Protein chains: 2
Amino acid sequence: MNHKGTSASIIKAAEILFAEQGFAETTVRQITSKADVNLAAINYHFGSKKGLIQAVAEKFLTPLCTELTSMLEHRNLSTDAGQVTLDELLEILMRTLLVVNHDNVNALAVFMRLLELSYMQNQEELRGFLISRYQDTLQPFIQLLRADAAPMEDDEFFWRLHFCLGSITFTLSNFQTLHGIEKREFDSGAEVERILHRMIPVLSAGLQARTDKTYFCRV
Amino acid sequence: MNHKGTSASIIKAAEILFAEQGFAETTVRQITSKADVNLAAINYHFGSKKGLIQAVAEKFLTPLCTELTSMLEHRNLSTDAGQVTLDELLEILMRTLLVVNHDNVNALAVFMRLLELSYMQNQEELRGFLISRYQDTLQPFIQLLRADAAPMEDDEFFWRLHFCLGSITFTLSNFQTLHGIEKREFDSGAEVERILHRMIPVLSAGLQARTDKTYFCRV
DNA sequence: CCAAGCTCCAAACTAGCGTTTAAAACAGAT
DNA sequence: ATCTGTTTTAAACGCTAGTTTGGAGCTTGG
């Protein structure tokens with residue numbers, strides 16, 4: 001049983017620190033210190049810091065992936081399965097994120113930081129990995145989103161999708177800071193649910209907004 | 001004339017690298033190498049890497065600040081100055097960003113990275129600096145936004161504002177990557193204008209969306 | 001009981017970071 | 001031409017990052 005004791009406490013500490021500070025900003029000495037294990041433990045159990053990041057990442061990727069799929073299937077099997085609305089789809093997405101966050105309050109922030117990182121240049125490797133892992137699960141969901149969004153060209157939908165992604169990743173990555181700005185007290189667990197809920201009508205309206213063909217004149 | 005030659009080429013190289021990679025990920029050796037100057041030049045001319053970051057930052061902060069103010073004043077002095085619409089306000093914001101980007105195509109990405117950084121924990125200093133520098137200019141603009149947004153509580157507006165900020169910072173920080181995903185060819189200069197324009201109806205609809213009081217049930 | 005095999009540990013190692021230094025090169029004024 | 005102050009240079013410095021190492025400690029099967 002002490003087999004996984006060290007590994008587990010390393011992952012636990014890493015989750016918290018990664019969520020708070022990001023991957024690059026967190027040092028292995030911080031992690032091993034917080035986990036109260038030897039400095040060399042990370043390299044022994046995970047090979048490298050990169051290996052630890054992957055271990056932490058994969059711990060959340062699979063549940064999130066399967067959760068979204070099952071939520072979508074459950075909705076489709078429902079008897080009153082009319083055309084699914086945009087708000088319903090977004091609620092499913094938010095509920096999925098919330099479920100992942102339920103087991104571990106740092107899961108969301110870590111996942112969002114991973115997403116942000118994947119959109120940086122010089123990270124084609126991570127981007128490719130996430131795409132190969134997620135696109136089969138995400139593509140049907142995205143197509144449903146598109147079906148309920150305002151009719152628009154491919155490129156317009158591409159950018160609107162990333163506007164939404166920006167809202168989500170920015171808000172959840174910086175949730176601790178934002179929550180600290182807005183309120184003093186810390187009941188961050190329940191607050192996440194409220195924020196995710198707040199997003200639904202906003203993102204829904206953004207995706208359904210008219211597609212404006214008029215160009216604003218240059219300065 | 002050779003006075004500012006070294007400083008200028010350092011700043012020029014730094015802008016590009018900061019925009020591409022971010023501040024922490026860019027090393028002084030990368031910068032001095034790209035600028036083709038001696039390694040010690042940054043410390044000689046700017047005191048430190050932090051000093052260089054501030055120099056690069058301030059080069060964009062002042063123009064952006066004054067530009068937004070003048071745009072707002074110009075709008076208010078207009079003869080047909082009815083109640084300004086939300087789309088108008090957002091267009092003013094986007095035009096402001098575009099003007100800043102006009103002189104230097106890396107200005108926007110650098111500025112957005114600065115914003116993102118300021119929302120990280122352990123960056124209260126930068127956050128405080130930006131607030132003290134911007135809030136006088138931004139507060140009137142934000143109040144105009146709020147007047148045109150759907151009626152809502154303070155906290156709801158706070159979060160919606162940051163949803164918008166997330167869309168903008170994410171899109172512009174990762175513009176190079178996103179643009180590379182969507183299209184092969186690189187005419188990124190003109191494309192920025194198109195993206196900023198695409199945002200207007202989306203953000204507008206998001207801010208004007210109904211405020212949903214119903215809560216989605218817990219899982 | 002004891003060899004075998006994990007696991008843990010203190011310490012050292014390599015590499016890269018931002019920075020400092022002191023001398024050389026240069027500029028303009030006297 | 002020389003002195004003065006500024007700029008550039010090559011080299012080294014101190015520090016911290018992630019990683020490696022060799023041996024000590026422990027558990028387990030023969």
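Here are a few things to note about the model shown:
- No other residue among A:25, A:91 is within 14 Å of chain B (Cβ to nearest Cβ), within 12 Å of DNA strand D (Cβ to nearest atom) and of a type in the set (Asp, Glu) apart from A:25.
- In region A:88-106, the residues that are under 21 Å from residue A:15 (Cα atoms) reach residues that are of a type in the set (D, E, K, R) with C-beta atoms within less than 7 angstrom, at least six apart or across chains, in these pairs: A:96/A:67; A:98/A:193; A:99/A:67; A:100/A:67; A:104/A:15; A:106/A:15.
- Scanning region B:116-126 for residues that are free of Cβ contacts under 8 Å to residues at least 24 places away in the same chain and either surrounded by 18 or more Cβ atoms within 10 Å (Cβ to Cβ) or over 19 Å from residue A:175 (Cβ atoms) (or both) yields B:118, B:119, B:120, B:125, B:126.
- Just one of (1) farther than 25 Å from residue B:20 by Cβ; (2) at the interface with chain A (Cβ under 8 Å from one of its Cβ atoms); (3) crowded, with 21+ Cβ neighbours inside 10 Å fails for residue B:156. It is (3).
- Residues of region A:6-49 satisfying the condition of being within 14 Å of DNA strand C (Cβ to nearest atom), touching a Leu at 6+ places or on another chain (Cβ under 8 Å) and of a type in the set (Phe, Trp, Tyr): A:46
- Residue within region A:1-11 that is within 30 Å of residue B:123 (Cβ to Cβ), part of a helix (DSSP H, G or I) and within 16 Å of DNA strand D (Cβ to nearest atom) present: yes
- Flag set for residue A:52, criterion: over 23 Å from residue A:192 (Cα atoms) and surrounded by 19 or more Cβ atoms within 10 Å (Cβ to Cβ).
- Residue match in region A:55-78 (condition: within 11 Å of DNA strand D (Cβ to nearest atom) and crowded, with 17+ Cβ neighbours inside 10 Å): no
- The numbered conditions (1) outside any loop (DSSP other than H, G, I, E, B); (2) farther than 20 Å from residue A:59 by Cβ; (3) open to solvent by 30 Å² or more (accessible area, probe 1.4 Å) are all true for residue A:164 except (3).
- Among the residues of region A:1-41, those identified as open to solvent by less than 70 Å² (accessible area, probe 1.4 Å), touching a residue at least 24 places away in the same chain (Cβ under 8 Å) and more than 25 Å from the chain's Cα centre (by Cα) are A:6, A:37, A:41.
- Some residue of region B:54-76 being away from DNA strand C (no atom under 12 Å from the Cβ), more than 20 Å from residue B:106 (Cβ to Cβ) and among the hydroxyl-bearing types (Ser, Thr, Tyr): yes
The values are calculated or read from the model by the stated rules, or taken from the named source; none is laboratory data. All of these numbers come straight from a predicted model, not from anything done at the bench. Reconstructed Cβ throughout: ideal geometry from the backbone, glycine too, with neighbour counts over all protein chains shown. Each accessible area value is taken on the protein alone, full model and side chains, heavy atoms only, with ligands, DNA and RNA left out. Shrake-Rupley method; radii C 1.70, N 1.55, O 1.52, S 1.80 Å.
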